[in-house]
Amino acid sequence: MERFGEPAALAERAPRALVFDSGLGGLSVLAEIRRLRPDVEIVYVADDAAFPYGRLSDAALIERVGAVMARVVAEQTPDIVVIACSTASTLALPHLRAAYPQLPFVGTVPAIKPAARESRSGLVSVLATRGTIARDYTHALVRDYAADCEVTLVGSADLAPIAERAMRGEAVDDAGIAREIAPCFVEKDGRRTDCVVLACTHFPLLIDALERLSPWPVAFVDPAPAIARRLDALLGEAPRDSAPPRPGAAIFTSGAAPGRRLQKALLRYGLTFTPSAAISLAMA
Ligand code: DGL
């Protein structure tokens, strides 16, 4: 495909996707992208200097995402950007699309519509950061697509930081996870919640613990496969004879090198940390 702003003669290299999150949550999306489109070169950007996004005001979050994007889009010249973060997507996406009209952006939408379709009991919960739960965007999805369901919105401040710790190989406490997910499980008139929307990309990283610590089995609905399909549709067909994927690059805005355990975890996602690619973009 032709790269934006680049002459057609240089258009031979693999399409480059920038996958962006406040931290490591976007790896749950990256894994699906890799599975569906192994030909795509991935640059993963974690805005760890500003993590967690869930605690930022709307104005601060829009400004921060805009500042990071300005830097990495200029340096990495991606063909497509995936905002692998519900907290950022549900607020900043219109601003990003307006700022880069030539560059396709794929956002992360809380998977309320498929969950409402899948639910048999009509009791659906949405588990997200407090920022995502507060958004008009989220409330509109509930109104438009889950009018037949009783939807419980659960904002968690701790679950994304817990997922970060787990990815860094630190011990995480089952009781802390159980406490955060408990409000998702509702019993009413003999019915029980049967679908829980994972509306923060960090949460699927904890899926084993979430399933183990659930008071009863539910379907956890993860938006990552739909995000990967959207990227696939926007990029168009993969070349038939595409070479095996090269390791992607992981960039952290703190400028700090990841520890040994995190580097190993990144490798499992096909990413290597290159000190030369690190950017230092402290939170204002
Ligand atoms: N991974 C992010 C999301 O999907 C949020 C975590 C955070 O920075 O609070 O919402």
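The values are calculated or read from the model by the stated rules, or taken from the named source; none is laboratory data. Please read these numbers as outputs of a predicted model, since none were measured by experiment. Heads up, the Cβs are rebuilt from the backbone with ideal geometry, glycines too, and the neighbour counts pull from every protein chain shown.
Selection of first residues in the stretch 124-139 that are aromatic (Phe, Trp, Tyr) and of second residues that are near the ligand (Cβ under 10 Å from one of its atoms) and assigned to a helix (DSSP H, G or I), restricted to Cβ pairs under 6 Å at least 6 apart or on distinct chains, gives the following pairs, ordered by first then second residue: TYR137/THR90. For the stretch 163-194, the tally of residues that are farther than 15 Å from GLU211 by Cβ and touching a His at 6+ places or on another chain (Cβ under 8 Å) stands at 1.
Inclusion of GLY190 among residues that are away from the ligand (no atom under 16 Å from the Cβ) and closer than 19 Å to LEU262 by Cα is not warranted. In the stretch 64-95, what count of residues is obtained for those that are touching a Phe, Trp or Tyr at 6+ places or on another chain (Cβ under 9 Å), part of a helix (DSSP H, G or I), within 15 Å of the ligand (Cβ to nearest atom) and closer than 20 Å to VAL29 by Cα? Result for the stretch 64-95: 8.
Restricting attention to the stretch 33-60, the residues being buried (at least 22 other Cβ atoms within 10 Å of the Cβ) and assigned to a helix (DSSP H, G or I) number 4.
Filtered by the rule that a residue be within 9 Å of the ligand (Cβ to nearest atom), hydrophobic (A, V, I, L, M, F, W, C) and at pLDDT 95 or above, the stretch 51-62 gives a lone residue, PHE51. Strands (runs of 3 or more DSSP E) fully within the stretch 171-284 that include at least 2 residues being at pLDDT 95 or above: 195-198, 219-221.
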